[in-house]
Amino acid sequence: DVKVTQSSRYLVKRTGEKVFLECVQDMDHENMFWYRQDPGLGLRLIYFSYDVKMKEKGDIPEGYSVSREKKERFSLILESASTNQTSMYLCASTLSGPNYGYTFGSGTRLTVV
Amino acid sequence: DAKTTQPNSMESNEEEPVHLPCNHSTISGTDYIHWYRQLPSQGPEYVIHGLTSNVNNRMASLAIAEDRKSSTLILHRATLRDAAVYYCILSWKEGAQKLVFGQGTRLTINP
């Protein structure tokens with residue numbers, strides 16, 4: 001089975017800190033995605049990547065950046081964490097093309113205090 | 001983006017079949033229909049997807065209308081573990097390949 005592993009299940013950070021959320025997949029998927037999920041707002045796409053060193057903005061990229069130096073790893077960076085970035089963050093990966101399902105990680109619940 | 005419309009919630013009984021509807025009247029000819037579900041405190045889980053023909057797998061069946069403007073996810077014999085939020089999503093072929101989630105249908109299974 002494909003696995004998408006997110007480095008932390010729970011994180012607590014202080015306002016203004018630089019935060020790294022790591023995601024690793026083990027099935028050579030080209031595409032990787034970062035979503036956040038908030039009550040009443042559902043899952044929203046932050047950034048995605050089609051290949052190493054490539055990135056595309058999703059629907060809510062403000063306050064975030066990403067890094068993909070290796071195919072299996074996709075990092076989400078909060079340059080200066082703020083309380084409104086408290087959320088559940090979900091990573092996903094898939095092969096290229098619409099005929100493949102996505103595999104999601106278990107999520108990282110980030111609290112910014 | 002092509003949109004989908006699902007009921008906010010549905011309820012069913014254990015060991016009975018469940019039919020979860022989805023409308024996607026603006027679907028394009030190359031959009032695949034994907035279904036995912038999210039159990040409490042977990043990430044979404046792939047259930048099934050299809051293009052034109054009905055599809056079956058170990059988790060569920062997907063029935064796609066002939067005009068492709070609607071589809072139905074069928075759980076043949078619901079268990080308590082099927083209680084989740086179910087999302088119907090159209091996956092693009094042209095342009096950006098990304099899943100855009102709606103609010104989904106919250107399925108409750110009664111014992």
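Points to keep in mind about this one:
- GluC sites (Glu not before Pro) restricted to the stretch B:1-80 and DSSP loop, no more than 15 other C-beta within 10 Å: B:GLU14, B:GLU15, B:GLU66
- Spin-label pair B:ARG106/B:GLU11, simplified geometry with 7 Å Cα→Cβ offset, distance in nm: 1.2 nm
- Short-range pairs are left out: with C-alpha atoms under 8 Å and at least six residues apart, the relative contact order of the stretch A:1-59 is 24 percent.
- All Cα-Cα distances of the protein assembly as shown, cut into 5 Å bins from zero to the largest, leave 1, 7, 14, 19, 18, 16, 12, 8, 4, 1, 0 percent in each bin in turn.
- Remark: relative contact order (chain B) = 36 percent; criterion is Cα-Cα distance under 8 angstrom and separation of 6 or more residues.
- FRET efficiency for the pair A:THR5 and A:THR111, taken as 1/(1 + (r/R0)^6) with r the Cβ-Cβ distance and R0 = 22 Å, rounds to 0.60.
- Residues B:LEU20, B:LEU39, sorted so that the one with the fewest Cβ neighbours within 10 Å comes first: B:LEU39, B:LEU20
- Here A:TYR50 and B:SER25 are evaluated by their C-beta separation; at R0 = 35 Å the FRET efficiency comes out at 0.75.
- D (Stokes-Einstein, µm²/s), Kirkwood Cα radius, chain A, 1.567 mPa s at 4 °C: 93 µm²/s
- Given charges at beta-carbon only (K, R positive; D, E negative), |dipole| of chain B in Debye: 220 debye
- The stretch A:23-102, relative contact order [Cα under 8 Å, separation at least 6], %: 35 percent
- Overall form of the stretch A:7-50 per C-alpha gyration tensor (a/c, 1.5; a/b vs b/c): oblate
- Measuring r between the beta carbons of B:ILE74 and A:ILE77 and using R0 = 35 Å, the FRET efficiency lands at 0.25.
- Computed from the Kirkwood radius of its Cα pairs, the Stokes-Einstein diffusion coefficient for the stretch B:1-108 at 4 °C and 1.567 mPa s stands at 93 µm²/s.
- Test item: A:32-44 mean partner chain Cβ contacts at 10 Å: 3
Taken together, the values in this text are just the output of simple stated rules run on the coordinates, not laboratory data. Since this is a predicted model, take the numbers as computed values, not measurements. All Cβ positions, glycine included, derive from the backbone under ideal geometry; neighbour counts span all protein chains shown.
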